[in-house]
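Read the structure below first, then the notes.
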Amino acid sequence: MESHKPMFQVENFDDEFVQKLVYDALVWCSLHGLVVGDKTYQKSGTVPGVGMTHAPISLLPTQFPESYWKQACEVAPIFNELVDRVSLDAKFIQDSLSRTKKADIFTSRLLDIHSKMLESNKKEDIRLGLHRSDYMLDEETKSLLQIGMNTISCSLPGFGRLVTELHQSLLRSHGDHLGLDSERVPKNTSNSQFADAMAKAWLEYNNPRAVVMIVVQPDERNMYDQHWLSSVLREKHSIVTIRKSLAEVETEWSVQEYGNLIVDGQEVSVVYYRSGYTPRDYPSESEWNARLLIEQSSAVKCPSIAYHLAGTKKIQQELAKPGVLERFMDNKDDVAKLRKCFAGLWSLDDPEIIKKAIEKPELFVMKPQREGGGNNIYGDDVRENLLRLQKEGEEENAAYILMQRIFPKVSNVFLVREGVYHRDQAISELGIYGAYLRNKERVIINEQSGYLMRTKVSSSDEGGVAAGFAVLDSIYLN
Ligand code: ADP
Ligand code: MG
(Lines give C-alpha, C1' and ligand atoms only; values in the text may rest on other atoms or scores of the structure.)
(Ligands and ions follow the chains in the order given, each with its own letter.)
Protein backbone atom coordinates (compact mmCIF):
# COMPACT_ATOMS: atom_id res chain seq x y z
CA MET A 1 0.00 0.00 0.00
CA GLU A 2 2.77 2.43 0.94
CA SER A 3 4.91 1.83 -2.11
CA HIS A 4 2.74 3.24 -4.89
CA LYS A 5 2.04 6.69 -3.65
CA PRO A 6 1.19 8.83 -6.66
CA MET A 7 3.97 11.29 -7.32
CA PHE A 8 3.75 14.88 -6.18
CA GLN A 9 0.37 14.71 -4.56
CA VAL A 10 1.53 17.48 -2.32
CA GLU A 11 -1.99 17.79 -0.90
CA ASN A 12 -1.29 14.54 0.90
CA PHE A 13 1.86 15.61 2.69
CA ASP A 14 1.37 16.47 6.30
CA ASP A 15 2.86 19.62 7.68
CA GLU A 16 5.26 17.80 9.98
CA PHE A 17 6.88 15.95 7.10
CA VAL A 18 7.13 19.05 4.93
CA GLN A 19 8.67 20.98 7.83
CA LYS A 20 11.32 18.30 8.12
CA LEU A 21 12.11 18.53 4.40
CA VAL A 22 12.28 22.32 4.60
CA TYR A 23 14.65 22.07 7.57
CA ASP A 24 16.96 19.69 5.68
CA ALA A 25 16.82 21.88 2.56
CA LEU A 26 17.73 25.02 4.50
CA VAL A 27 20.66 23.33 6.21
CA TRP A 28 21.84 22.10 2.79
CA CYS A 29 21.62 25.61 1.25
CA SER A 30 23.59 27.10 4.13
CA LEU A 31 26.33 24.46 4.00
CA HIS A 32 26.69 24.54 0.20
CA GLY A 33 26.55 28.24 -0.61
CA LEU A 34 23.09 28.35 -2.16
CA VAL A 35 22.72 31.79 -0.61
CA VAL A 36 21.97 35.39 -1.52
CA GLY A 37 22.42 38.70 0.25
CA ASP A 38 19.58 39.46 2.66
CA LYS A 39 17.99 42.75 1.70
CA THR A 40 17.47 43.75 5.31
CA TYR A 41 21.28 44.00 5.72
CA GLN A 42 22.62 47.15 4.17
CA LYS A 43 26.03 45.71 3.29
CA SER A 44 24.80 42.34 1.97
CA GLY A 45 25.21 43.46 -1.64
CA THR A 46 28.77 44.72 -1.30
CA VAL A 47 30.55 42.77 1.44
CA PRO A 48 30.68 38.99 0.98
CA GLY A 49 29.92 36.88 4.02
CA VAL A 50 27.66 39.50 5.56
CA GLY A 51 23.88 39.15 5.87
CA MET A 52 23.31 35.96 3.90
CA THR A 53 20.06 34.10 3.54
CA HIS A 54 19.15 30.97 1.59
CA ALA A 55 18.16 31.50 -2.05
CA PRO A 56 14.41 31.23 -2.76
CA ILE A 57 13.80 27.62 -3.75
CA SER A 58 11.18 25.14 -4.73
CA LEU A 59 11.28 22.41 -2.09
CA LEU A 60 11.06 19.60 -4.64
CA PRO A 61 11.91 19.35 -8.34
CA THR A 62 9.06 20.03 -10.75
CA GLN A 63 7.91 17.39 -13.20
CA PHE A 64 8.92 17.89 -16.79
CA PRO A 65 8.36 15.48 -19.70
CA GLU A 66 11.58 13.89 -20.89
CA SER A 67 10.83 14.38 -24.60
CA TYR A 68 10.59 18.18 -24.20
CA TRP A 69 13.70 18.21 -22.06
CA LYS A 70 15.58 16.46 -24.86
CA GLN A 71 14.14 18.85 -27.43
CA ALA A 72 15.30 21.86 -25.42
CA CYS A 73 18.80 20.42 -25.00
CA GLU A 74 19.06 19.52 -28.65
CA VAL A 75 18.35 23.04 -29.93
CA ALA A 76 20.85 24.72 -27.57
CA PRO A 77 23.87 24.44 -29.92
CA ILE A 78 21.72 25.50 -32.88
CA PHE A 79 20.63 28.65 -31.07
CA ASN A 80 24.27 29.33 -30.15
CA GLU A 81 25.20 29.14 -33.80
CA LEU A 82 22.30 31.35 -34.79
CA VAL A 83 23.45 34.08 -32.39
CA ASP A 84 26.93 33.91 -33.85
CA ARG A 85 25.66 34.16 -37.42
CA VAL A 86 23.32 37.03 -36.61
CA SER A 87 26.12 38.88 -34.81
CA LEU A 88 28.16 38.89 -38.02
CA ASP A 89 25.36 40.46 -40.05
CA ALA A 90 25.72 44.07 -38.97
CA LYS A 91 23.27 45.29 -41.56
CA PHE A 92 20.55 42.93 -40.35
CA ILE A 93 21.07 44.13 -36.77
CA GLN A 94 21.05 47.81 -37.70
CA ASP A 95 18.09 47.49 -40.06
CA SER A 96 15.99 45.39 -37.70
CA LEU A 97 16.50 47.87 -34.88
CA SER A 98 16.32 51.06 -36.96
CA ARG A 99 12.75 51.91 -35.91
CA THR A 100 13.34 50.78 -32.34
CA LYS A 101 16.29 53.14 -32.23
CA LYS A 102 14.01 56.13 -32.72
CA ALA A 103 11.59 55.06 -30.01
CA ASP A 104 13.97 53.76 -27.40
CA ILE A 105 16.99 55.67 -26.16
CA PHE A 106 18.67 52.66 -24.53
CA THR A 107 18.62 50.57 -27.72
CA SER A 108 19.80 53.66 -29.53
CA ARG A 109 22.88 53.98 -27.30
CA LEU A 110 23.75 50.32 -27.77
CA LEU A 111 23.39 50.70 -31.53
CA ASP A 112 25.70 53.71 -31.46
CA ILE A 113 28.43 51.54 -29.97
CA HIS A 114 27.72 48.90 -32.60
CA SER A 115 28.00 51.56 -35.34
CA LYS A 116 31.28 52.84 -33.96
CA MET A 117 32.71 49.32 -34.10
CA LEU A 118 31.61 49.05 -37.72
CA GLU A 119 33.17 52.40 -38.61
CA SER A 120 36.51 51.38 -37.13
CA ASN A 121 36.15 47.98 -38.81
CA LYS A 122 36.61 46.20 -35.48
CA LYS A 123 36.33 42.42 -35.83
CA GLU A 124 35.94 40.01 -32.95
CA ASP A 125 38.07 36.95 -33.72
CA ILE A 126 37.51 35.22 -30.39
CA ARG A 127 33.79 35.09 -29.67
CA LEU A 128 32.43 33.81 -26.38
CA GLY A 129 28.70 33.35 -25.85
CA LEU A 130 27.26 32.24 -22.53
CA HIS A 131 23.55 32.07 -23.22
CA ARG A 132 20.33 30.92 -21.66
CA SER A 133 17.34 30.08 -23.76
CA ASP A 134 14.10 30.10 -21.74
CA TYR A 135 11.06 27.96 -22.48
CA MET A 136 7.58 27.31 -21.27
CA LEU A 137 5.59 24.24 -22.10
CA ASP A 138 2.29 25.42 -23.55
CA GLU A 139 -0.40 23.22 -22.07
CA GLU A 140 -3.01 23.61 -24.78
CA THR A 141 -0.82 23.04 -27.84
CA LYS A 142 1.54 20.67 -26.00
CA SER A 143 4.52 22.48 -27.40
CA LEU A 144 7.80 23.74 -26.01
CA LEU A 145 7.87 27.46 -26.79
CA GLN A 146 10.77 29.82 -26.38
CA ILE A 147 10.27 32.86 -24.15
CA GLY A 148 13.53 34.37 -25.25
CA MET A 149 17.20 33.93 -25.91
CA ASN A 150 19.37 35.73 -23.37
CA THR A 151 22.82 36.70 -24.59
CA ILE A 152 23.92 39.07 -21.85
CA SER A 153 24.32 38.50 -18.14
CA CYS A 154 22.48 35.17 -18.05
CA SER A 155 22.11 34.73 -14.37
CA LEU A 156 22.14 31.72 -12.10
CA PRO A 157 24.52 29.27 -13.83
CA GLY A 158 26.22 28.95 -10.45
CA PHE A 159 22.96 28.12 -8.70
CA GLY A 160 21.54 25.87 -11.43
CA ARG A 161 23.95 23.16 -10.40
CA LEU A 162 23.36 23.77 -6.69
CA VAL A 163 19.59 23.62 -6.71
CA THR A 164 19.80 20.40 -8.74
CA GLU A 165 22.18 18.92 -6.18
CA LEU A 166 19.94 20.07 -3.35
CA HIS A 167 16.97 18.26 -4.87
CA GLN A 168 19.01 15.14 -5.58
CA SER A 169 20.18 15.14 -1.98
CA LEU A 170 16.64 15.53 -0.60
CA LEU A 171 15.39 12.70 -2.81
CA ARG A 172 18.23 10.43 -1.73
CA SER A 173 17.19 10.96 1.89
CA HIS A 174 13.41 11.14 1.51
CA GLY A 175 12.73 9.72 -1.95
CA ASP A 176 11.25 6.48 -0.69
CA HIS A 177 8.70 8.29 1.37
CA LEU A 178 7.94 10.66 -1.52
CA GLY A 179 7.86 7.95 -4.17
CA LEU A 180 10.56 9.77 -6.11
CA ASP A 181 13.87 8.60 -7.53
CA SER A 182 16.83 11.01 -7.36
CA GLU A 183 18.14 9.56 -10.64
CA ARG A 184 15.24 11.16 -12.48
CA VAL A 185 16.69 14.63 -11.78
CA PRO A 186 19.14 15.21 -14.65
CA LYS A 187 22.73 16.04 -13.79
CA ASN A 188 23.51 19.71 -14.04
CA THR A 189 27.02 21.06 -14.56
CA SER A 190 26.02 24.61 -15.51
CA ASN A 191 28.58 26.22 -13.22
CA SER A 192 31.66 24.30 -14.33
CA GLN A 193 30.67 24.36 -18.00
CA PHE A 194 30.35 28.16 -18.02
CA ALA A 195 33.60 28.53 -16.07
CA ASP A 196 35.36 26.07 -18.39
CA ALA A 197 34.20 28.06 -21.42
CA MET A 198 35.59 31.25 -19.87
CA ALA A 199 38.84 29.44 -19.13
CA LYS A 200 39.10 28.30 -22.75
CA ALA A 201 38.47 31.85 -23.95
CA TRP A 202 41.22 33.01 -21.56
CA LEU A 203 43.51 30.38 -23.11
CA GLU A 204 42.75 31.61 -26.63
CA TYR A 205 43.60 35.13 -25.57
CA ASN A 206 46.91 33.66 -24.57
CA ASN A 207 48.43 35.72 -21.81
CA PRO A 208 48.99 33.64 -18.67
CA ARG A 209 49.12 36.79 -16.54
CA ALA A 210 45.78 38.18 -17.75
CA VAL A 211 42.69 38.11 -15.55
CA VAL A 212 38.98 37.57 -16.14
CA MET A 213 36.93 40.65 -15.29
CA ILE A 214 33.34 40.33 -14.12
CA VAL A 215 31.50 43.57 -14.75
CA VAL A 216 29.18 43.82 -11.78
CA GLN A 217 26.41 46.02 -10.51
CA PRO A 218 27.70 48.11 -7.59
CA ASP A 219 25.22 46.53 -5.18
CA GLU A 220 24.70 42.84 -6.00
CA ARG A 221 22.82 40.58 -3.63
CA ASN A 222 23.14 37.76 -6.14
CA MET A 223 26.95 37.86 -5.85
CA TYR A 224 27.39 34.24 -4.74
CA ASP A 225 26.04 32.89 -8.01
CA GLN A 226 28.87 34.84 -9.65
CA HIS A 227 31.45 33.86 -7.04
CA TRP A 228 30.75 30.21 -7.86
CA LEU A 229 32.09 30.82 -11.38
CA SER A 230 35.15 32.65 -10.00
CA SER A 231 35.73 29.77 -7.63
CA VAL A 232 35.96 27.23 -10.48
CA LEU A 233 38.17 29.59 -12.48
CA ARG A 234 40.53 29.90 -9.52
CA GLU A 235 40.59 26.35 -8.23
CA LYS A 236 40.36 24.35 -11.44
CA HIS A 237 42.06 26.70 -13.90
CA SER A 238 44.24 28.93 -11.68
CA ILE A 239 42.73 32.01 -13.29
CA VAL A 240 42.30 35.21 -11.29
CA THR A 241 38.97 37.05 -11.45
CA ILE A 242 38.50 40.72 -10.70
CA ARG A 243 35.11 42.35 -10.10
CA LYS A 244 34.53 45.89 -11.33
CA SER A 245 31.51 48.07 -11.87
CA LEU A 246 31.32 50.01 -15.15
CA ALA A 247 32.04 53.19 -13.18
CA GLU A 248 35.19 51.61 -11.71
CA VAL A 249 36.31 50.48 -15.14
CA GLU A 250 36.02 54.06 -16.31
CA THR A 251 38.31 55.42 -13.60
CA GLU A 252 40.82 52.54 -13.47
CA TRP A 253 41.38 51.64 -17.11
CA SER A 254 44.19 52.19 -19.52
CA VAL A 255 44.85 50.71 -22.93
CA GLN A 256 48.20 49.38 -24.03
CA GLU A 257 49.52 49.09 -27.55
CA TYR A 258 47.52 46.56 -29.61
CA GLY A 259 44.44 47.69 -27.69
CA ASN A 260 44.99 45.51 -24.65
CA LEU A 261 42.65 46.45 -21.84
CA ILE A 262 44.30 47.19 -18.50
CA VAL A 263 42.11 47.71 -15.45
CA ASP A 264 43.60 48.50 -12.06
CA GLY A 265 47.03 47.58 -13.44
CA GLN A 266 46.00 44.13 -14.68
CA GLU A 267 45.52 43.01 -18.25
CA VAL A 268 42.00 41.71 -18.88
CA SER A 269 41.58 38.73 -21.21
CA VAL A 270 37.85 38.09 -20.82
CA VAL A 271 35.14 40.58 -19.84
CA TYR A 272 32.09 38.81 -18.46
CA TYR A 273 29.08 41.11 -18.05
CA ARG A 274 26.74 40.64 -15.12
CA SER A 275 25.70 44.24 -15.55
CA GLY A 276 25.19 46.54 -18.51
CA TYR A 277 21.88 45.12 -19.74
CA THR A 278 19.48 47.73 -18.35
CA PRO A 279 19.45 51.56 -18.50
CA ARG A 280 19.84 51.49 -14.70
CA ASP A 281 23.38 50.18 -15.22
CA TYR A 282 24.27 53.43 -17.03
CA PRO A 283 23.37 56.23 -14.60
CA SER A 284 25.91 58.59 -16.19
CA GLU A 285 28.13 58.98 -19.23
CA SER A 286 30.97 57.27 -17.31
CA GLU A 287 29.29 53.88 -17.65
CA TRP A 288 28.69 54.37 -21.37
CA ASN A 289 32.34 55.39 -21.80
CA ALA A 290 33.41 52.22 -20.01
CA ARG A 291 31.19 50.05 -22.21
CA LEU A 292 32.62 51.66 -25.32
CA LEU A 293 36.24 51.33 -24.32
CA ILE A 294 35.80 47.69 -23.38
CA GLU A 295 34.24 47.13 -26.79
CA GLN A 296 37.17 48.87 -28.49
CA SER A 297 39.74 46.81 -26.62
CA SER A 298 41.14 43.46 -27.64
CA ALA A 299 39.68 41.66 -24.62
CA VAL A 300 37.16 38.89 -25.31
CA LYS A 301 33.74 40.31 -24.48
CA CYS A 302 30.99 38.10 -23.18
CA PRO A 303 28.97 39.38 -24.86
CA SER A 304 30.25 41.67 -27.59
CA ILE A 305 27.88 44.46 -28.54
CA ALA A 306 26.78 42.41 -31.56
CA TYR A 307 25.98 39.35 -29.44
CA HIS A 308 24.14 41.58 -26.99
CA LEU A 309 21.97 43.08 -29.74
CA ALA A 310 21.40 39.67 -31.33
CA GLY A 311 19.62 38.69 -28.10
CA THR A 312 17.16 41.59 -28.07
CA LYS A 313 13.42 41.01 -28.25
CA LYS A 314 13.12 42.91 -31.50
CA ILE A 315 15.68 40.65 -33.17
CA GLN A 316 13.84 37.62 -31.76
CA GLN A 317 10.68 38.89 -33.42
CA GLU A 318 12.46 39.58 -36.73
CA LEU A 319 13.98 36.09 -36.73
CA ALA A 320 10.51 34.60 -36.36
CA LYS A 321 9.33 36.17 -39.63
CA PRO A 322 8.99 33.78 -42.55
CA GLY A 323 12.22 33.18 -44.44
CA VAL A 324 14.51 35.04 -42.05
CA LEU A 325 16.07 32.04 -40.28
CA GLU A 326 16.98 30.64 -43.68
CA ARG A 327 19.23 33.63 -44.26
CA PHE A 328 21.39 32.52 -41.37
CA MET A 329 21.18 28.75 -41.25
CA ASP A 330 21.91 26.41 -44.16
CA ASN A 331 20.70 23.19 -42.59
CA LYS A 332 16.94 22.75 -43.13
CA ASP A 333 16.56 20.40 -40.15
CA ASP A 334 18.15 22.97 -37.89
CA VAL A 335 15.82 25.67 -39.19
CA ALA A 336 12.82 23.43 -38.56
CA LYS A 337 13.96 22.65 -35.02
CA LEU A 338 14.37 26.33 -34.19
CA ARG A 339 11.09 27.35 -35.78
CA LYS A 340 9.23 24.69 -33.85
CA CYS A 341 10.13 26.55 -30.64
CA PHE A 342 8.96 29.96 -31.84
CA ALA A 343 5.82 31.36 -30.30
CA GLY A 344 3.80 33.95 -32.20
CA LEU A 345 5.77 37.20 -32.37
CA TRP A 346 4.68 40.44 -33.99
CA SER A 347 5.73 44.02 -34.40
CA LEU A 348 3.15 46.70 -33.66
CA ASP A 349 2.84 47.89 -37.24
CA ASP A 350 0.50 45.02 -38.06
CA PRO A 351 -3.09 46.42 -37.74
CA GLU A 352 -4.71 42.97 -37.77
CA ILE A 353 -2.77 41.78 -34.75
CA ILE A 354 -3.27 45.05 -32.88
CA LYS A 355 -7.02 44.69 -33.35
CA LYS A 356 -6.91 41.14 -32.06
CA ALA A 357 -4.77 42.11 -29.07
CA ILE A 358 -7.14 44.93 -28.14
CA GLU A 359 -10.03 42.47 -28.28
CA LYS A 360 -8.30 39.68 -26.39
CA PRO A 361 -5.37 41.18 -24.49
CA GLU A 362 -5.11 38.14 -22.20
CA LEU A 363 -3.72 36.12 -25.11
CA PHE A 364 -0.73 38.42 -25.57
CA VAL A 365 2.31 39.79 -23.79
CA MET A 366 3.54 43.22 -24.78
CA LYS A 367 7.28 43.66 -24.41
CA PRO A 368 9.48 46.74 -24.48
CA GLN A 369 13.15 46.39 -25.44
CA ARG A 370 14.29 45.65 -21.90
CA GLU A 371 15.92 42.79 -20.01
CA GLY A 372 16.02 41.80 -16.39
CA GLY A 373 12.37 41.20 -15.59
CA GLY A 374 9.50 43.39 -14.48
CA ASN A 375 9.11 45.29 -17.77
CA ASN A 376 6.49 43.33 -19.69
CA ILE A 377 2.85 44.30 -20.01
CA TYR A 378 -0.02 41.84 -19.47
CA GLY A 379 -3.80 41.61 -19.51
CA ASP A 380 -5.87 44.80 -19.57
CA ASP A 381 -2.69 46.88 -19.54
CA VAL A 382 -1.95 45.50 -23.02
CA ARG A 383 -5.23 46.95 -24.29
CA GLU A 384 -4.68 50.29 -22.55
CA ASN A 385 -1.17 50.63 -23.89
CA LEU A 386 -2.17 49.68 -27.42
CA LEU A 387 -4.98 52.23 -27.39
CA ARG A 388 -2.60 54.86 -26.03
CA LEU A 389 -0.06 54.08 -28.76
CA GLN A 390 -2.72 54.34 -31.46
CA LYS A 391 -3.20 57.94 -30.36
CA GLU A 392 0.51 58.72 -30.10
CA GLY A 393 1.29 57.41 -33.55
CA GLU A 394 3.78 55.30 -35.44
CA GLU A 395 7.08 56.19 -33.83
CA GLU A 396 6.30 55.00 -30.30
CA ASN A 397 5.06 51.65 -31.57
CA ALA A 398 8.56 50.53 -32.38
CA ALA A 399 9.57 50.41 -28.72
CA TYR A 400 7.49 47.24 -28.27
CA ILE A 401 6.82 43.81 -29.67
CA LEU A 402 3.79 41.59 -29.11
CA MET A 403 4.11 37.96 -28.21
CA GLN A 404 1.65 35.13 -27.95
CA ARG A 405 1.02 34.42 -24.29
CA ILE A 406 2.10 30.93 -23.30
CA PHE A 407 0.03 29.06 -20.72
CA PRO A 408 1.95 26.32 -18.93
CA LYS A 409 0.33 23.67 -16.80
CA VAL A 410 -0.35 24.72 -13.24
CA SER A 411 0.88 22.43 -10.48
CA ASN A 412 0.93 22.38 -6.72
CA VAL A 413 4.33 23.15 -5.27
CA PHE A 414 6.11 24.18 -2.10
CA LEU A 415 7.92 27.49 -2.44
CA VAL A 416 10.46 28.29 0.25
CA ARG A 417 11.49 31.86 1.00
CA GLU A 418 13.06 33.38 4.08
CA GLY A 419 12.86 30.10 5.93
CA VAL A 420 9.11 29.65 5.45
CA TYR A 421 7.28 27.41 3.02
CA HIS A 422 4.09 28.17 1.12
CA ARG A 423 1.99 25.66 -0.74
CA ASP A 424 0.86 27.27 -3.96
CA GLN A 425 -0.33 26.88 -7.52
CA ALA A 426 2.65 27.45 -9.76
CA ILE A 427 3.97 27.45 -13.31
CA SER A 428 7.52 26.83 -14.46
CA GLU A 429 9.98 28.07 -17.03
CA LEU A 430 12.93 25.97 -18.13
CA GLY A 431 16.18 27.76 -18.97
CA ILE A 432 18.80 25.88 -20.95
CA TYR A 433 22.31 27.25 -20.77
CA GLY A 434 24.48 27.19 -23.86
CA ALA A 435 28.18 27.92 -24.27
CA TYR A 436 29.80 28.88 -27.54
CA LEU A 437 33.41 29.74 -28.22
CA ARG A 438 35.17 30.22 -31.49
CA ASN A 439 38.38 31.74 -32.74
CA LYS A 440 37.97 32.82 -36.36
CA GLU A 441 36.87 29.71 -38.26
CA ARG A 442 37.61 27.31 -35.41
CA VAL A 443 34.58 26.43 -33.27
CA ILE A 444 36.07 25.43 -29.93
CA ILE A 445 32.89 24.94 -27.89
CA ASN A 446 29.27 24.69 -28.93
CA GLU A 447 27.24 22.87 -26.32
CA GLN A 448 24.27 22.72 -24.04
CA SER A 449 25.66 23.66 -20.64
CA GLY A 450 23.24 22.69 -17.93
CA TYR A 451 19.87 24.13 -17.01
CA LEU A 452 17.78 26.06 -14.55
CA MET A 453 14.11 25.70 -13.81
CA ARG A 454 12.33 28.72 -12.38
CA THR A 455 8.96 28.31 -10.75
CA LYS A 456 6.54 31.07 -9.78
CA VAL A 457 3.04 31.34 -8.42
CA SER A 458 0.66 31.11 -11.34
CA SER A 459 -0.97 34.44 -10.51
CA SER A 460 2.31 36.29 -11.13
CA ASP A 461 3.02 37.41 -14.69
CA GLU A 462 6.72 38.08 -14.43
CA GLY A 463 9.42 35.52 -13.76
CA GLY A 464 12.78 36.75 -12.44
CA VAL A 465 14.32 35.18 -9.34
CA ALA A 466 16.42 38.21 -8.38
CA ALA A 467 13.43 40.42 -9.20
CA GLY A 468 11.53 38.49 -6.51
CA PHE A 469 8.93 36.73 -8.67
CA ALA A 470 10.24 33.19 -9.02
CA VAL A 471 12.17 30.55 -7.07
CA LEU A 472 15.00 28.29 -8.16
CA ASP A 473 14.01 24.82 -9.19
CA SER A 474 15.21 21.69 -11.00
CA ILE A 475 13.33 19.12 -13.02
CA TYR A 476 12.02 15.65 -12.43
CA LEU A 477 11.78 13.78 -15.71
CA ASN A 478 8.62 11.88 -16.42
P1 ADP B 1 13.23 39.69 -19.50
O2 ADP B 1 14.20 39.81 -20.61
O3 ADP B 1 12.95 40.96 -18.80
O4 ADP B 1 13.59 38.56 -18.58
P5 ADP B 1 11.28 37.96 -20.68
O6 ADP B 1 10.86 38.07 -22.07
O7 ADP B 1 12.21 36.86 -20.35
O8 ADP B 1 11.86 39.36 -20.21
O9 ADP B 1 9.99 37.86 -19.78
C10 ADP B 1 10.03 37.91 -18.36
C11 ADP B 1 9.08 36.90 -17.78
O12 ADP B 1 7.75 37.11 -18.23
C13 ADP B 1 9.41 35.47 -18.19
O14 ADP B 1 10.36 34.91 -17.33
C15 ADP B 1 8.06 34.80 -18.12
O16 ADP B 1 7.78 34.38 -16.80
C17 ADP B 1 7.10 35.89 -18.52
N18 ADP B 1 6.80 35.82 -19.96
C19 ADP B 1 7.51 36.36 -20.96
N20 ADP B 1 6.98 36.08 -22.16
C21 ADP B 1 5.90 35.32 -21.94
C22 ADP B 1 4.92 34.71 -22.77
N23 ADP B 1 4.96 34.84 -24.10
N24 ADP B 1 3.93 33.98 -22.18
C25 ADP B 1 3.88 33.86 -20.84
N26 ADP B 1 4.77 34.41 -20.00
C27 ADP B 1 5.78 35.15 -20.52
MG1 MG C 1 13.95 36.55 -19.44
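A few comments on the model shown:
- Candidate set from the stretch 455-467 (those that are in contact (Cβ under 8 Å) with a residue 60 or more places away in the chain and closer than 21 Å to D38 by Cα); member that is farthest from ligand 2 (Cβ to nearest atom): T455
- Candidate set: the stretch 318-348, residues that are over 21 Å from the mean Cα position of the chain (by Cα) and hydrophobic (A, V, I, L, M, F, W, C); chosen: the one nearest to S87 (Cα to Cα): F328
- For the stretch 418-438, a residue qualifies if it is touching a Lys or Arg at 6+ places or on another chain (Cβ under 8 Å), more than 14 Å from ligand 2 (Cβ to nearest atom) and either open to solvent by less than 10 Å² (accessible area, probe 1.4 Å) or of a type in the set (S, T, N, Q) (or both), and the qualifying residues are A426, G434, Y436, L437.
- Test: L60 is touching a Lys or Arg at 6+ places or on another chain (Cβ under 9 Å), surrounded by 15 or more Cβ atoms within 10 Å (Cβ to Cβ) and in contact (Cβ under 8 Å) with a residue 60 or more places away in the chain: no
- Helices (runs of 4 or more DSSP H) completely within the stretch 321-391 that count 3 or more residues being surrounded by fewer than 15 Cβ atoms within 10 Å (Cβ to Cβ) and away from ligand 1 (no atom under 16 Å from the Cβ): 332-340, 351-359
- Leading residue by the ranking (nearest to the chain's Cα centre (by Cα)) among those in the stretch 420-447 that are farther than 23 Å from A470 by Cα and polar (S, T, N, Q): N446
- A197 passes every criterion in (1) aliphatic (A, V, I, L, M); (2) farther than 25 Å from T53 by Cα; (3) more than 17 Å from the chain's Cα centre (by Cα) apart from (3).
- Total residues in the stretch 16-53 satisfying the condition of being part of a helix (DSSP H, G or I), surrounded by 12 or more Cβ atoms within 10 Å (Cβ to Cβ) and charged (D, E, K, R): the figure is 3.
- Among the residues making up the stretch 328-346, a single one is touching an Asp or Glu at 6+ places or on another chain (Cβ under 8 Å) and closer than 28 Å to R109 by Cα: F328.
- Residues of the stretch 364-402 that are among the basic types (K, R) and within 16 Å of ligand 2 (Cβ to nearest atom): K367, R370.
- Filter pass, V185 being more than 18 Å from the chain's Cα centre (by Cα) and not charged (D, E, K, R): yes
- Boolean, L145 is touching an Asp or Glu at 6+ places or on another chain (Cβ under 6 Å), under 17 Å from C29 (Cα atoms) and at pLDDT 95 or above: no
- The stretch 115-143, residues that are crowded, with 21+ Cβ neighbours inside 10 Å and more than 23 Å from I445 (Cα to Cα): M136, L137
- Taking the numbered list (1) touching a Leu at 6+ places or on another chain (Cβ under 6 Å); (2) buried (at least 21 other Cβ atoms within 10 Å of the Cβ); (3) within 25 Å of A76 (Cα to Cα) in turn, R184 passes all entries but (2).
- Candidates are the residues of the stretch 144-181 that are of a type in the set (S, T, N, Q) and away from ligand 1 (no atom under 12 Å from the Cβ); the one that is surrounded by the most Cβ atoms within 10 Å (Cβ to Cβ) is T164.
- Residue check for R405: within 16 Å of ligand 2 (Cβ to nearest atom), touching a residue at least 12 places away in the same chain (Cβ under 8 Å), of a type in the set (K, R) and open to solvent by 20 Å² or more (accessible area, probe 1.4 Å): yes
The values are calculated or read from the model by the stated rules, or taken from the named source; none is laboratory data. Worth saying up front: this structure is predicted, and the values here are computed from it rather than measured. Heads up, the Cβs are rebuilt from the backbone with ideal geometry, glycines too, and the neighbour counts pull from every protein chain shown. Ligands, DNA and RNA are stripped out before the accessible areas are found, and what is left, the full protein with its side chains, is counted by its heavy atoms. Shrake-Rupley method; radii C 1.70, N 1.55, O 1.52, S 1.80 Å.
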